[in-house]
1. Here are some conditions: (1) at pLDDT 70 or above; (2) within 30 Å of B:Leu50 (Cβ to Cβ); (3) surrounded by fewer than 18 Cβ atoms within 10 Å (Cβ to Cβ). B:Gln248 meets all but one. Which one does it not meet?
2. For the range B:146-166: of the residues being part of a strand (DSSP E or B) and among the hydrophobic types (A, V, I, L, M, F, W, C), which is surrounded by the fewest Cβ atoms within 10 Å (Cβ to Cβ)?
3. Please indicate, with yes or no, whether at least one residue in the range B:121-133 is touching a helix residue (DSSP H, G or I) at 6+ places or on another chain (Cβ under 9 Å) and of a type in the set (Ser, Thr, Tyr).
4. Determine whether A:Ala419 is in contact (Cβ under 8 Å) with a residue 12 or more places away in the chain and under 29 Å from B:Tyr90 (Cβ atoms).
5. Pairs under 9 Å by beta carbon, first residue within 11 Å of another protein chain (Cβ to nearest Cβ) in the range A:1-22, partner at pLDDT below 90 and surrounded by fewer than 14 Cβ atoms within 10 Å (Cβ to Cβ), six or more apart or different chains?
Amino acid sequence: MKLFRITNSETKKILTRPSLYIMGIFLAILLVFTAVIYNPTPLENSTKSYQALTLNGVLSPDEVIRNFNTVKNSYTDAKVSDLGAVINFYSNKTLDFSTVYSNKDENSTAMAKLNSAFIAYSAIDSNDKSIYEGAKKNLEEAYTNFKNEYNKFFSTSYPIIRITENDKAEIEKIINLLDNHIYQQILTIPNHNTLINTLTSSKLITDLQKTLSKIENIEIENEVLAELNNINNSIKNKLSELELNINNSETVEEIQLNAARYVSVKTMGERLIGNKLYLELVKNKSDYSVNKLNALNTNPFVNDKQEVFFKNFISENIAIDSYLYENNQYDFEYNRNFSKFSIMGKDAQAFDYAFYSMELIAFFIIMCACITAATSIAGEYTSGTIKMLAVRPYKRSKIISSKFLSTLLLTFLLLLLSAIIVIITGIINYGINFTSILTVFNGGSVFVISPILMFIIYFLTILIKAIVFISIAMMFSVLFKSVTPAIIVSLLTYFVAPIFTSFVPLVPVLTFLPLINIDLFKFFGNQFIASSASQNSFVQIFTSQNFLSSNIFITLSLVIVSIALCLITTFVLFKKRDI
Amino acid sequence: MSKPVLVVKNLTKYYGERIALNNVSFSIGEGEIFGLIGPNGAGKTTAIKLITGLAKISSGSVTILGNDIVSNFEKAILNVGGIIENPNFYNHLSGLQNLKYFASLYGKIDMNRINYLVKVLAMQNRIKNKVKTYSLGMKQRLGIICALINKPKLLILDEPLNGLDPTGIIEMREFVKKVATEEKIAVLISSHILSEVEALCDTVGIIKNGVLIEHQNITDLQRGIKDKERFAISVSHPNFAAKIITKQYANKNVEVVGKNVILQASSQEVQDILKFLITNNIGIFGTRTVTKSLEEIYFDMVDKENKEGIL
């Protein structure tokens, strides 16, 4: 009750600050500015482009089918002629499977040679010096050969072979043992019986063969290709079914619908296969595969971090495509009817505009919140009013809570007001569409939710971000007891955090830094959109949070921990220090 | 003595190694005005900060109407109003807005109280102007209003007369006295202007180097030692009189001021001296007791301490 009272007074006091009105003017300018610069560029829409062809005048079904075939051909010409070619396209560009397999074959050959030389060696009579020396030499050569092959195999292909560290260690152990026995015993002790006994009893050769066979059992190419071929076949079936439908159609509308589905299924299938292949390739991430992937990607600056990011983005896309595909929902645009940035805009509508706008506006409002929070306590120290305030019947913790809550309340109200304005502007300019949105939560589960709910989620993630920065600014406010340094350091933190996120290398420890784990909205199917789809470089630098932590719960707990740490520091410092 | 409002017991404050306040104890009762005087850096503001809970107490205790300032801060401070160091306000707000803000911290804003105080302190004309346009004197007056807004039982004024003009000083003095009696407020004043403290306070505490070196009722302090007051005897031949008195009473320190001889003596001794002077044919026009000004006492105390310090 008392906390409510002081927060109420505090909020009223902040509202009288002249700087707040300057902020308000800027906010109004920004609202107009975003409305002016929002320029949605429609994506090339498969359904639309096909419809455009058919709607030029009234056409007979025959003519429409003829048009469809033209469209179909133009698609196949422009893109990839056949799904098998898609697979080739990806596999040629990615892994040099042949090298791996030739190495593996050579290895087996070397293994076989060693085996036979060993058998030959153990069969001979040691008393026959000439034969004995010859066999010994053979064994030695075979072993050296095997070892060379082995080394080559593991140095070049290990990174992309799916072999567990345990298996690899096992092989190395056996090779070491063989090293000891063969080199030392063959060359030093001319008693082959001892060697044979040792080798036989320790089953070294058998063990080695067994372990190596584990590698042979992994059919990288075939395994992936089999899955891809399944999808490929299923797509082919669906496509021919649709083609048949088109040919059997009687009305133009029917043809249109099936033709649009045809294009959607094709695009979806291509994407599904491409993405699955990509994921397969980055599964055993290593320098080797990253180099190979650089060739795959048109962007030559793919680094580790981006790879992780793409990996998550792609698993998201797979989730979406599989969901749509399995549910026979071929409207390819279905999952794209909602986006944050103009480039993704299809039929731009109120929510698209709202997301686009809120990105910039939230950036500005949180900046204002930082300034307000940094001024809250430091301002009282600078003007000396802290002594007037601290002798009122409120504990220090209540004073600081009231500052925190009032800043938060104002930030919330400003955000809410902006959101309402932005949605209304969106409705006026672009109309509103309540079609549900397909979204992927936390990189795996697919949900179809209302755009209103999505917008609320977005709003809440902005609010969480605001709380983080308000806590940080409060901490600096109490720490510095002076307005200027408190504002400077708070704003630096605010500006530097996203830049830092964009440029830090992917070092595992750094991914746990609280500041680079603030954006929670990326876990609602917007990783890619949030970080790379924007043409607006300002928005890109200051709003993108790259995908560093792949789990919303990890990120959320990091956010909570950082808020708690900042607030505890603030409370303890303010409580313990003399005024 | 009336019911104590503020009880300070063995109050001590360390700033690191430095001791800023050493074992200070005093108490102020209802309606009593207590003046805390002392040189700069003596610990006046430190004492006030400890009493109001702005700074942490190293040892000792402060109790306001039975509530400990540390363990029961909110209840204790509820009965306190004050200006600490300077009266600081939110400059972008008007005087009235500032008052309303601070009043709102105590619950419902009592406009009658605000209007009454504004009127009494003659701030009606400027109360709606922004505080940044105020002079120091006006800020002092606004500070007093702000301190009294919650009807406190203990009023703490740190240098309340700074920046006030002579009329303002007199008005302020009268106002504080009035408020103290009418509302039974205990007042703690720290000041450099000794004559004002003298005119205003019932009790004074002289503080130096963090130690309260003197603490008593101002009239007692001024009269000196109770049974040996200072007398001024107006005589016809002051220099001669002084000479013979010094001769007769070996240890007496006799001063001559104009037609007066001033000395310290018990009433019995004064009677003797008067008889002695009459027998020596010196005309006596009158006698009266003399009080020392607070300034004299202050410098006596501080200098004495200084000398002791040197020795």
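The values are calculated or read from the model by the stated rules, or taken from the named source; none is laboratory data. No experiment lies behind these values; they were computed from the predicted model shown. Because the Cβ atoms are built from the backbone with ideal geometry, glycine has one as well, and the counts that use them run over all protein chains shown.
1. If we test B:Gln248 against (1) at pLDDT 70 or above; (2) within 30 Å of B:Leu50 (Cβ to Cβ); (3) surrounded by fewer than 18 Cβ atoms within 10 Å (Cβ to Cβ), just (2) comes out false.
2. Top of the filtered list is B:Leu154.
3. No, the range B:121-133 has no match at all.
4. Considered against the rule, which asks whether it is in contact (Cβ under 8 Å) with a residue 12 or more places away in the chain and under 29 Å from B:Tyr90 (Cβ atoms), A:Ala419 comes out as no.
5. What qualifies is A:Arg5/B:Gly107.
Conditions tested, residue by residue: (1) out of contact with any Leu (no Cβ under 8 Å at 6 or more places or on another chain); (2) closer than 22 Å to B:Ile64 by Cα.
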{"position": "B:Phe89", "(1), (2)": "no, no"}
{"position": "B:Leu99", "(1), (2)": "no, no"}
{"position": "B:Ala103", "(1), (2)": "yes, yes"}
{"position": "B:Lys132", "(1), (2)": "yes, no"}
{"position": "B:Gly137", "(1), (2)": "no, no"}
{"position": "B:Cys146", "(1), (2)": "no, yes"}
{"position": "B:Leu155", "(1), (2)": "no, yes"}
{"position": "B:Ala180", "(1), (2)": "no, yes"}
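For (1) in contact with a Ser or Thr (Cβ under 8 Å, 6 or more places away or on another chain); (2) away from chain B (no Cβ under 14 Å), each residue gets a yes or a no:
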| site | (1), (2) |
| --- | --- |
| A:Asp352 | yes, yes |
| A:Phe363 | yes, yes |
| A:Val391 | yes, no |
| A:Ser406 | yes, no |
| A:Leu416 | no, yes |
| A:Asn429 | no, yes |
| A:Ile432 | no, yes |
| A:Val440 | no, yes |
